[in-house]
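Let me begin by presenting the structure, written as C-alpha cells, before commenting on it.
The values are calculated or read from the model by the stated rules, or taken from the named source; none is laboratory data. Computed from a predicted model, the values in this text were never measured in an experiment. Backbone-built Cβ (ideal geometry, glycine too); neighbour counts: all protein chains shown. For accessibility, only protein heavy atoms count, side chains too; no ligands or nucleic acids. Shrake-Rupley method; radii C 1.70, N 1.55, O 1.52, S 1.80 Å.
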Amino acid sequence: MKFGGTSVEDAQAMGRTTAIVRSRREKGLEAVVVVSAMAKVTDLLLSAASAAGRGDKAGALAIGARLRHRHIDTSSALLQGERCVRVQQALHTEFDALDDLLRGIAAVGELTPRTNDLVVSFGERLSSRMMAEALEQQELQGVHVDARSCIITDASYGKAVPQNAAIEAKLAAIVLPLIEAGKTPVMGGFIGSTAEGVTTTLGRGGSDFTAALVGGGMHAGAIEIWTDVNGIMTTDPRICPDALRVKTISFEEAAELAYFGAKVLHPATILPAVQKSIPVWVLNSRNAENEGTKITAMAAKCASPFKSIAAKKRLTIIDVVASRMLMSHGYLKAVFDVFDKYKCAIDMVSTSEVSISLTVDSNQQLPEICAELAKIADVKMEGHKALVCLVGEDIRGHNGIAGQVFSAISHVNVRMISQGASEINMSFMIDEEDVEEAVRSLHNHFFANPDETVFDVANRVQLQGKA
Ligand code: ADP
Ligand code: ASP
Ligand code: MG
C-alpha cells in the first residue's frame, strides 16, 4: 500500500491513512506501507538545498525551520504521551542533522547531486517514522523500516537505478520476517542507497516506484497506490474537472499514460508488477469507498478508441537537418549517439529523408547536445513545447481516428505527429500554451458519450447536478 504526499499531508490525512490500513488488516490481509514525504516537503527540501548551494545559508535554514515546525506540529496532533515526546526528540535530532548539512553545503557553496539526494531524503525518512508510530499507536503493529536498508540502487544520484536481486534479498531478510511476525512494516518511498550505503533517490514521483519494487520483490497479491483522485481518470482532472474515472485499464495503457505525463503514476511503476502479473490499483485516500482503477494484464473491450489523454509540458523540439550527409548510412546512429552520450531520453522522433525532428525534456544539457550535433548537421531548437498523447488499446480497431483527433483540434497548430510506434498511442506536439485548450477539446469529443462498462460516469452526473 503506497500513500502519496497528500495522503500524509497532515495529522488528519495520516488518520485517514491509518483507517485504510486498518480496513485491510481487518480483512486478514498483510500489508507493507510505503509513504511519500508530506505534501510539498520534497519541493521545499530541494529549494533549501539549492539555496544552500548558492551560499544562502539563512534562506536554507529558514526553510529547515519551517519544515521542523510542520513535522513537530503534525506529530503533536497525531501522537500521544510518551510516544509523542520520544518521536519529537527523534525529529529534532533529524532536523539538527539537516541544519548541519545545509550549513555545510552553504559553507562550501557547492551542491553535488549526491548531497542533494541526502537533503531530499529527509522528507520520506520523517513521514515514514511518524506513520509507523501512528499505526503502532492504533494497535496496527506499525514498525519503521529505513527504506535505504532495502532499496539498493546504483549511484546515479537523482535518478538511481534499483538493483532488483539485491532488493529482493534485503526484503526477504528484513521485511518478510516482520510480516511473518504480524507487523505492518512502514517505509519511505523514493529513497534508497548504494551497496556502500550512500543515500540515493529514484527520481521525482518515485514513491510509486518503491511500492512496485516492494510489491514485486515480495510477490504481493496486489499493489495499491493511494492518492488524491478517484483513480486514473480520462484526463488530468485539473485540466478537465469533468474527467471520468477509468474502471480498468491495461498495464500497457497505464505505462504509456505515465510515461507521457499522467502524474498519477510514476512511469516505471508498472514494470515490476507486469513481470510478476500483480494487479495494481489506484485509489483515493479521501474517498476510500470508491472502487478506483484496476490495472490489469488485459485491456477491457471498450466502445471508445481511447481510455485517457495525457499531456507533458516543458519539452523542446530539436530539428536536425543533414544537408551534407544526405542518404549516407549511419547518420541516424551518429545523431542518436550524441543523445546517448548525454543520457538524454527522447520522447518522440519523426524523420524525412534529410531531416530528423526529436523531442526532449527541456531540462537536459541542450546547448552541449546541440553544439555536438552541429558538427554533423544543421540544428534548430524550439522550446516551450508540449506533447499530447491519446492512449487506448482500441485505436487499432477504429478507422478514421486520426481525422477525428485533428478535426477536434483544428484551431491548434500541430508541430509533429506520431502514431504507430506503439499501437496504443497517438501523440502530437503543440505549443505549451495550447495544452489546456487542446486537451479539453479532445476530451469533449471523445468522452461526451462514455462507454459505462469502462468509465464511471457518476462524477459527471454530480457535475451536471451542480450546474
Ligand atoms: P501522489 O502525491 O499521491 O503521488 P500525485 O500528485 O503524484 O499524487 O498524482 C496525483 C495527481 O495526478 C492528481 O491529483 C491529478 O491532478 C494528476 N493527474 C494527471 N493525470 C491524471 C489522470 N489521467 N488521472 C488521474 N490523475 C491525474
Ligand atoms: N516525495 C517525492 C516527490 O515529491 C516522491 C513521491 O512523492 O513520489 O517527488
Ligand atoms: Mg506521485
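Remarks
- Solvent-accessible surface (1.4 Å probe) assigned to Asp154 amounts to roughly 50 Å².
- For the range 271-334, alpha-carbon Rg over 2.2 N^0.38 Å: 2.01
- Degrees between helix 11-26 axis and first principal axis of the chain (Cα, 0 to 90, nearest 10): 90
- For peptides 103-113, 53-63, 230-240, 123-133, sequence by mean Cβ density within 10 Å, most packed first: 123-133, 230-240, 53-63, 103-113
- For the range 1-129, the C-alpha radius of gyration divided by 2.2 N^0.38 Å, with N the number of residues, is 1.15.
- Extension gain (nm, one decimal) between Glu291 and Ile179, 0.36 nm per residue minus Cα-Cα: 37.7 nm
- Cβ crowding within 10 Å averaged over residues, with 330-337, 266-273, 390-397 ranked highest first: 266-273, 390-397, 330-337
- Here the calculated FRET efficiency for Thr93 and Ala11, from their Cβ-Cβ distance with R0 = 22 Å, stands at 0.55, rounded to the nearest 0.05.
- The 1.4 Å probe gives accessible areas that order Phe406, Phe339, largest first, as Phe406, Phe339.
- Estimated translational D of the chain in µm²/s (Stokes, Kirkwood radius over Cα pairs; 10 °C; 1.306 mPa s): 67
- Here's the list of lysines a cross-link from Lys375 could span, going by alpha-carbon distance under 27 Å and ignoring same-chain residues fewer than 8 apart: Lys333, Lys341, Lys343, Lys385.
- Pairwise FRET efficiency - Arg204 versus Arg66, Cβ, R0 = 25 Å, nearest 0.05: 0.75
- Inter-probe distance in nm under a simple model that places probes 7 Å from Cα toward Cβ, at Val457 and Ile417: 3.1
- Length added when fully stretched, Leu271-Lys27, from 0.36 nm per residue minus Cα-Cα: 85.1 nm
- Pairwise FRET efficiency - Glu437 versus Ala166, Cβ, R0 = 41 Å, nearest 0.05: 0.30
- Options Pro267, Ser285, Val145, ranked by Cα towards positive dipole end of the chain, top entry (Cβ charges): Val145
- Against the rule of thumb 2.2 N^0.38 Å, how large the Cα Rg of the range 257-408 comes out: 1.31
- Once the convex hull of all Cα atoms in the range 81-144 is built, its volume per residue stands at 64 Å³.
- 16 Å Cα-Cα reach of Lys40 towards lysines, excluding residues that sit fewer than 8 places from it in its own chain: Lys263
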